[in-house]
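So the structure is just underneath, and the comments pick up after that.
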Amino acid sequence: MATLPEWVAGARPRTLPNSIVPVAIGTGVAIGADAAVWWKAALAMVVALALQVGVNYANDYSDGVRGTDAERVGPTRLTATRLAAPRQVLTAAWACFAVAAVAGLVLALTSAWWLVLVGAVAIVAAWFYTGGEKPYGYRALGEISVFVFFGLVAVVGTVFVQVGGAPWQGWTAAVAAGLLSCSVLVINNLRDIHTDAQTGKRTLAVVLGDAATRKLYVGCVAAAFAIAAVMAAAGPWTLLTLLAIPLAIRPVRRVLGGQRGRDLVLGLGETGKMQLAFGLLFTIGLALG
């Protein structure tokens, strides 16, 4: 039976910026438009966090029962290590999805009915990332899903429920947020590239190969900062995001320097810190813009 700290480990806190940052950025756009609705922003954060934790548990369960986590360098997985029974992990995943569904339903009922469909698609995508007979995360589509749901949907959705529309700033900021979310998955899959290839898990990193995946990581990070800089033409305060560049230097050096295994575990944590700093500064810049 797993203890509370072990269950918390299953949530993989390094990935939580993927949910926190997009909602914060979307709220920054709403503040800049003088249309922030704080209780809706809070509910959007609940939806995003619940989905993120839920997909982490779902991945833990699905990868664990398939045996693809048997040889793993990264953070501890509950199912693979038998710290928790598979059914417990599965129950935790669906409990999180239920929380996301309830919070999302409130937002839909107070904003637009079609958001129910968006939420349903998000939950289905979260499960089939590694769940089901043909998980799309095993077919090099993980980064696309992360870009869409933890970039476009999270940011633009947060803006929409508060502003009542989707201004160009929301879409542009969503691209930057999505790229940073992708960078977290790219470095994670780069770390696991050899074990994933051995177990038949064809992530984008496995398909592209080691060298191209390293370039993809750097490209995602650089493009996110470039977008924030370009947006300064309309609101100079987004240049604040450039203050987060020092936090990007170390993980980029790790990746370009050819580091592997546990060194990339450190790089994953550093990427999360960079993402959080970028998100905070971008949020402030958009709010002031």
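For region 209-227, the criterion of being more than 21 Å from residue 142 (Cβ to Cβ) and in contact (Cβ under 8 Å) with a residue 60 or more places away in the chain is met by none of the residues. With respect to residue 173, is the statement that it is out of contact with any Asp or Glu (no Cβ under 7 Å at 6 or more places or on another chain) and touching a residue at least 24 places away in the same chain (Cβ under 8 Å) true? Yes, satisfied. Looking at residue 144, is it in contact with a helix residue (DSSP H, G or I) (Cβ under 7 Å, 6 or more places away or on another chain) and within 30 Å of residue 262 (Cα to Cα)? So residue 144 fails the test.
In the set 234, 224, 212, only one residue is surrounded by fewer than 21 Cβ atoms within 10 Å (Cβ to Cβ), modelled with pLDDT of 95 or more and not β-branched (Val, Ile, Thr); that residue is 212.
When the helices (runs of 4 or more DSSP H) confined to region 65-151 are screened for residues that are under 30 Å from residue 162 (Cα atoms) and modelled with pLDDT of 90 or more, those reaching at least 1 such residues are found at 86-110, 115-128, 142-147.
The values are calculated or read from the model by the stated rules, or taken from the named source; none is laboratory data. Keep in mind that this is a model prediction, so the values were computed, not measured. A quick note on method: Cβ atoms are made from the backbone with ideal geometry, for glycine too, and the neighbour counts reach across all protein chains shown.
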